Amino acid sequence: MSVTAAPVPSAVDLSAEGRQDWAHWGLTGATSLNRRRGAGAIEDLGGTPRGRYDNNPQRFTWTGGSPAGAATGTPTGVYSCGQGATMSLRAPAGPAARTLRVYAGVWMAAGRLTVSVPGATATRTLENRGGISTNRFEIRYQAAAGSTVTVTWTATASYHSTCGNIDLQAATLA
């Protein structure tokens, strides 16, 4: 397993990137989840209560989605406030190499991404004390047949008195 972090392109086409599945959070509300129609490989495992925001510096586009069939350039996502806030995802793993990309960030906070497959764990961090930062965390992995990869995004520090937070926009699986 390997986990890298890089800046998010200004525009991301989830349909093109997520050949097996994709998910986008926050289009219409804090509990809004859109995904590739007919898929469901990326599971939202929940976490702390979420809010919705609509001022992400990057834009997400898709076609072939459900419940929203398409979106063009949405700046939406979800966030969770305060140190200790979490969001978790799970996706299938197996002997074939897979790539899971998670689009997540922080606002006046620090976050730690923890990725686990049977027999291996890796972490990456992101911090911005005065504003927003967003990364594309790329996870390349293989595991025993029938396994899963679990991703947990945790706020390790909050630098704002009311809502330093972690945020999540999208994930793709190829």
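The values are calculated or read from the model by the stated rules, or taken from the named source; none is laboratory data. None of these values were measured; they are calculated from a predicted model. As a convention, Cβ positions derive from the backbone with ideal geometry for all residues, glycine included, and neighbour counts pool all protein chains shown. Only protein heavy atoms, including side chains, enter the accessible area calculation; ligands, DNA and RNA are left aside. Shrake-Rupley method; radii C 1.70, N 1.55, O 1.52, S 1.80 Å.
Per residue, the accessible area of the chain comes to 42 Å² when a 1.4 Å probe rolls over the protein heavy atoms. Against the criterion of solvent-accessible heavy-atom surface with a 1.4 angstrom probe, M108, M1, M87 sort, most first, into M1, M108, M87. Based on the Stokes-Einstein relation at 25 °C and a viscosity of 0.890 mPa s, and on the Kirkwood radius from alpha carbon pairs, the chain is assigned a translational diffusion coefficient of 155 µm²/s. The orientation-averaged shadow of the Cα convex hull for the stretch 96-139, equal to a quarter of the hull surface, comes to 3.1 nm². Ranking H160, H24 from most to least accessible surface, computed with a 1.4 Å probe over the protein chains only, gives H160, H24. Note on the stretch 1-61: Rg/Rh from Cα positions, Kirkwood definition for Rh, rounded to two decimals, is 0.96. Only protein heavy atoms count here; on that basis, with a 1.4 Å probe, T162 has an accessible area of about 110 Å². If one puts a single equal scatterer on every Cα of the stretch 3-105 and applies the Debye formula without solvent, what log₁₀ I(q)/I(0) results at q = 0.21 Å⁻¹? Result of the Debye calculation: -1.27. Each Lys or Arg adds one and each Asp or Glu subtracts one; over the other residues with Cβ under 14 Å from the Cβ of T72, this totals 0. Here is the P(r) of the stretch 92-174: all C-alpha pair distances, binned every 5 Å from 0, give 3, 16, 24, 21, 14, 10, 7, 4, 1, 0 in whole percents. Atom-type composition of the exposed protein surface of the stretch 113-174 places 45 percent of the accessible area on carbon and sulfur (1.4 angstrom probe). Based on DSSP H segments of at least four residues, each scored -39500 (n - 2.57), the chain has a per-residue ellipticity at 222 nm of -500 deg cm²/dmol. Result for the chain in a Gaussian network model with C-alpha springs under 10 Å: among Y53, Y103, Y79, the largest mean-square fluctuation is at Y53. Ligands, DNA and RNA aside, T125 has an accessible area near 100 Å² when probed at 1.4 Å. The 3J(HN,Hα) values that the Karplus relation (6.51, -1.76, 1.60; θ = phi - 60°) gives for the stretch 95-103 are, in residue order, x, 6, 5, 10, 10, 10, 10, 10, 9 Hz. Gly and Pro appear as x.
Accessible surface of T156, taken over heavy atoms with a 1.4 Å probe and every protein chain present, rounds to 50 Å².
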